[in-house]
């Protein structure tokens, strides 16, 4: 086993400057979705659906649903937008009896999103996970059924210029306790 | 950039048979937590805290909080248990004005959990994400403050015997729509 996940972790950043003239290969998008498809989820419930927007025309229309108060203007230039919808989760009876069946679905959506971002990084693509969106508008535009919840949109593309950020994070001692 | 995230995705599985005689190196656990520390989150809110249980005595006590109706017996043999707590998220004002500030915290917890599992896989460790837990009991045992929510426990260790599963997942055409 090669220890290079950390290399990907260091390389990934939230890219907000995509090259509009460098389209994302459809095959690479499929590969990103394949990684998400194989993600683990509570009781293997797989409570997700992905709507993948690839044409410039539809990217611009979808981006509009992410843009308010000047937010997320860069989404216009993404090579693709992957809309992640949460679906009703069906859990094993033993767990379902103890928990609201949707309890883990948001966590599972996060896990799947991470799969997309790291497969993308692995393929030399950049990504940005976008949480704010006008859900009604995006559902109407993309014919997403009412019973689904649109949770995230992931912008995918090639950065105009590759950046290397020092990640600003809380220090380890603040986020961890070790119990012997 | 090396395309081997997919290799890790294929290799990772939910391990339910740990070798109790093969402890997990503390340095490897630190490496897993470092990956989680560097995970992206909504507005970089980092709404997480990790309580890492390493001694056999405390692993057995913590495992009891995960075991009811015969569930998760294998947790006794894990080399470590990483308890993931959700913390109050502080979001940028522009987003906070539009959303309940905890809206993204569960998604962020899922993203951080994925970081732990893949860094572990990258280091030759096995993992299992456990969602069901007796929260009151685990908080009391590990002195986790009342205002935190215990979301997940990740069992980490070395499999007694390395397994290769064919992952059972919904087919791509069922989980994806492509919009040109």
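Structural remarks
- Summed over segment B:159-180, residues that are within 11 Å of chain A (Cβ to nearest Cβ) and in contact (Cβ under 8 Å) with a residue 60 or more places away in the chain total 2.
- Search result, residues across segment B:29-52 that are part of a helix (DSSP H, G or I), more than 7 Å from every other protein chain (Cβ to nearest Cβ) and farther than 19 Å from residue A:178 by Cβ: B:43
- If you go through segment B:153-170 and keep only what is assigned to a loop (DSSP other than H, G, I, E, B) and under 18 Å from residue A:42 (Cα atoms), you end up with B:165, B:166, B:167, B:168, B:169, B:170.
- From A:155, A:112, residue being within 20 Å of residue B:85 (Cα to Cα), surrounded by 13 or more Cβ atoms within 10 Å (Cβ to Cβ) and within 17 Å of the chain's Cα centre (by Cα): A:112
This table checks each residue for (1) in contact (Cβ under 8 Å) with a residue 60 or more places away in the chain; (2) crowded, with 21+ Cβ neighbours inside 10 Å; (3) over 21 Å from residue B:43 (Cβ atoms).
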site	(1), (2), (3)
A:32	yes, yes, yes
A:37	no, yes, yes
A:41	yes, yes, yes
A:46	yes, yes, yes
A:63	no, yes, no
A:88	no, no, yes
A:92	no, no, yes
A:100	no, no, yes
A:122	yes, yes, yes
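- Restricting segment A:1-28 to residues that are part of a loop (DSSP other than H, G, I, E, B) and within 7 Å of chain B (Cβ to nearest Cβ), the residue that is farthest from residue B:164 (Cα to Cα): A:4
- Listed by first and then second residue, the pairs with beta-carbon distance under 7 Å, at least 6 apart or on different chains, first residue in segment A:67-82 and under 16 Å from residue A:129 (Cβ atoms) and within 14 Å of chain B (Cβ to nearest Cβ), second buried (at least 17 other Cβ atoms within 10 Å of the Cβ) and modelled with pLDDT under 95, are A:71/A:132.
- Considering residues of segment A:100-132 that are in a loop (DSSP other than H, G, I, E, B) and facing chain B (nearest Cβ under 7 Å) only, the residue nearest to residue B:99 (Cα to Cα): A:132
- Residues in segment B:141-152 that are away from chain A (no Cβ under 12 Å) and assigned to a strand (DSSP E or B): B:150 only.
- Within segment A:126-150, the set of residues being under 16 Å from residue B:40 (Cα atoms) and touching a residue at least 60 places away in the same chain (Cβ under 8 Å) comprises A:126, A:127, A:128, A:129, A:130, A:132.
The values are calculated or read from the model by the stated rules, or taken from the named source; none is laboratory data. Remember, it's a predicted structure, so these values are computed and weren't measured experimentally. Cβ atoms come from the backbone with ideal geometry, glycine included; neighbour counts cover every protein chain shown.
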